[in-house]
Amino acid sequence: MRAAIQRRLADEVGTLGIDQPSMFCLAYPSPYTVGMSSLGFQTLYRILWAEGIGCHRAFLPDGWDRHALQWPPPPEPILSYEAMRPLSDYPLIGVSVAYELEIAGLIRMLHGAGIPLLASQRRARDPIIIAGGPLTDTNPASLLPFVDVLISGEAEALLPEAIRRLAAGVDRDDALTRIAGLPHSALGEIEPGRISPLPACASAPHELLPAYSAITTPHTELSDMFLIEPERGCSRRCTFCVMRGPSTGGMRILDAALPLGLIPEHAKRVGLVGAAVTDHPELEPMVAKIVESGRGVGVSSLRADRLTPELLDALSRGGYRQITVASDGISERLRSLLVRKIDAESLLRAAELVRDNGRLRGLKIYQMIGVPTETDADADELVAFIRELSRITRVTLGISTFVAKRNTPLDGQDFVGVSAAEARLAAIARGLRGAATMRPQSPKWAHVEWLLARHGAEGGHAALAATLAGGSYRAWVRAFAELGPPSRPWVYGDEAAQARRRGKAAGPRDRLTVIA
Ligand code: SF4
């Protein structure tokens, strides 16, 4: 473990605070390669050093993110990178959780560090666990059993204040009392069965935007890429998406000069990250400037209907070989039901632009099966359409199974069923044989995600039972079968209430705020 950490540290550029003390460790419940690709994780690390608080990092050991893993996990120390100190030595630990299935990683990490798994089991000398991350936007209740303090929403401004308050406590109980009154926060389940009302989601103040990385490293999928967020949120209203405008408080667009001015000299590649980066009005000149400076470039979310020959030219000069877009609905009818606002014509044009570019080798399209009301006719339309696209350029299909997420208009919809989803995938694969490459995601784990998404704190306890039973799909299904009907906190599935949680009025129109 020590040797692996030292190797990774030697390859990092921008590491802060090596050998400087800190009482706070930011822990990621997935391995290093995933955690260091998280812009939110990197941004908090950078802000906490800038605030003079300091922040060490720890990660789930490699391989512990497998869905099924023996319990207890193989013995391996969990050490911080900056100080090689055991995670359990830190009085304050932050965890950033991206989505439901990372809860298993959180449980394994706490166990590996020797920290009591449940907040209600922790005693005076145990660390205080503060949770945040994207999951707190949608399903924070499932984290409550494991955390002492929850910060809901965008934590850039709140985490430093939470740490200062907790650090001022004379003991654990006093520290937790000091969190009372901190906006957008709540205590976890520190007494069995005591579930705090869920706090409103925070929006980061404009002056703390954009988020950008502190560290570049070759040991991530986005190897050596400096990440920066030229916009936050999305103004669109796709009915299945947790990032839709009313949930995120609308789209906050930064003047292009701001992110461009923050790119460090050493960055060899730059990733423009955000839910709707292609809706940024200055995307094309931004990408062109990055490429002209001799750097590689990446864009996190390309919309088929926003592609232009000039943008694809710049992207391909910046290292792109395959363009990835999402269609989600597998037919025009389902795209319309999902309010996806991408039509067949845009996708055909995207394929033609890829073909005409010369340097690009293909188009990857994300699709989603199992959407409510889907029929065989929708799947037949997909097969015929992808065959048509594949006559234009090479096509790869990424296919997931629809999971009804909280705080979306489709919240509460049933899961299609694992067998039905597998049969649908098999039929599509037969129909596309020889025409396109398919990269399907497992319907079983989509089912587990759906089970977690429809439950609150009791879903967290079921996740614990499933993880202790080895984390197989069967273990998850068995653990959730023990639960009664799902509890539904008042905010969920109600857009106006969700907007109020962010302190915004729910307007009928998309919100666009331009920050100069
Ligand atoms: S799917 Fe994309 S375009 Fe639609 S609301 Fe979500 S982030 Fe926005």
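Every residue, every condition in (1) assigned to a strand (DSSP E or B); (2) away from the ligand (no atom under 16 Å from the Cβ); (3) surrounded by 15 or more Cβ atoms within 10 Å (Cβ to Cβ), yes or no:
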{"position": "Arg333", "(1), (2), (3)": "no, yes, yes"}
{"position": "Ala351", "(1), (2), (3)": "no, yes, yes"}
{"position": "Val354", "(1), (2), (3)": "no, yes, yes"}
{"position": "Arg359", "(1), (2), (3)": "no, yes, no"}
{"position": "Ala379", "(1), (2), (3)": "no, yes, yes"}
{"position": "Ala384", "(1), (2), (3)": "no, yes, no"}
{"position": "Ile392", "(1), (2), (3)": "no, yes, yes"}
{"position": "Gly398", "(1), (2), (3)": "yes, no, yes"}
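Could you tell me which of the residues Val287, Val270, Val297 is in a strand (DSSP E or B), farther than 18 Å from Arg46 by Cβ, away from the ligand (no atom under 13 Å from the Cβ) and hydrophobic (A, V, I, L, M, F, W, C)?
Working: Val287 fails: in a strand (DSSP E or B); Val270 fails: farther than 18 Å from Arg46 by Cβ.
Going through Val287, Val270, Val297 in turn, just one is in a strand (DSSP E or B), farther than 18 Å from Arg46 by Cβ, away from the ligand (no atom under 13 Å from the Cβ) and hydrophobic (A, V, I, L, M, F, W, C): Val297.
Hey, among the residues in the range 227-249 that are among the basic types (Lys, Arg) and in contact with a Pro (Cβ under 9 Å, 6 or more places away or on another chain), which one's farthest from the ligand (Cβ to nearest atom)? Break it down stepwise before answering.
So the first thing to find is which residues in the range 227-249 are among the basic types (Lys, Arg), and the list is 232, 236-237, 244.
Filter once more, keeping what is in contact with a Pro (Cβ under 9 Å, 6 or more places away or on another chain): 232, 237, 244.
Details: Arg232: 11, Arg237: 6, Arg244: 4 Å.
Of everything passing the filter in the range 227-249, Arg232 is farthest from the ligand (Cβ to nearest atom).
If a residue counts only when it is among the acidic types (Asp, Glu) and farther than 25 Å from Gly274 by Cα, which helices (runs of 4 or more DSSP H) contained entirely in the range 115-194 have at least 1 such residues? Steps first, please.
On the way: elements: 135-138, 158-167, 172-177.
In the range 115-194, 158-167, 172-177 are the helices (runs of 4 or more DSSP H) which contain 1 or more residues that are among the acidic types (Asp, Glu) and farther than 25 Å from Gly274 by Cα.
Can you pull out the helices (runs of 4 or more DSSP H) entirely within the range 416-516 that have at least 1 residues that are modelled with pLDDT of 95 or more and not acidic (Asp, Glu)? Explain how you work it out, then say what you get.
Details: elements: 418-432, 443-454, 457-468, 473-481, 495-501.
Counting at least 1 such residues, we get 418-432, 443-454, 457-468, 473-481.
If you check Thr408 against the conditions, is it within 16 Å of the ligand (Cβ to nearest atom) and touching a Gly at 6+ places or on another chain (Cβ under 9 Å)? Write out each step before concluding.
Numbers: within 16 Å of the ligand (Cβ to nearest atom): yes; touching a Gly at 6+ places or on another chain (Cβ under 9 Å): yes.
Spelling it out, Thr408 is indeed within 16 Å of the ligand (Cβ to nearest atom) and touching a Gly at 6+ places or on another chain (Cβ under 9 Å).
Filter the range 264-282 for residues that are of a type in the set (A, V, I, L, M) and free of Cβ contacts under 8 Å to residues at least 40 places away in the same chain and give the result.
Taking the range 264-282 first, the residues of a type in the set (A, V, I, L, M) are 267, 270, 272-273, 275-277.
Answer for the range 264-282, where residues must be of a type in the set (A, V, I, L, M) and free of Cβ contacts under 8 Å to residues at least 40 places away in the same chain: there is none.
Any chance the range 75-83 includes a residue that's touching a residue at least 12 places away in the same chain (Cβ under 8 Å), part of a helix (DSSP H, G or I) and polar (S, T, N, Q)?
No, that holds for no residue.
When the residues of the range 335-349 are filtered to those that are within 16 Å of the ligand (Cβ to nearest atom) and free of Cβ contacts under 8 Å to residues at least 40 places away in the same chain, which remaining residue is surrounded by the fewest Cβ atoms within 10 Å (Cβ to Cβ)?
At the first step, the residues of the range 335-349 found to be within 16 Å of the ligand (Cβ to nearest atom) are 335-343, 346-347.
Okay, now just the ones that are also free of Cβ contacts under 8 Å to residues at least 40 places away in the same chain, so 335-336, 342-343.
Values: Arg335: 21, Ser336: 12, Ile342: 21, Asp343: 16.
Checked the range 335-349; the qualifying residue surrounded by the fewest Cβ atoms within 10 Å (Cβ to Cβ) is Ser336.
The values are calculated or read from the model by the stated rules, or taken from the named source; none is laboratory data. These numbers were taken from a predicted model, which means no experiment stands behind them. When we count neighbours, we look across all protein chains shown, and the Cβ atoms used for this are built from the backbone with ideal geometry, even at glycine.
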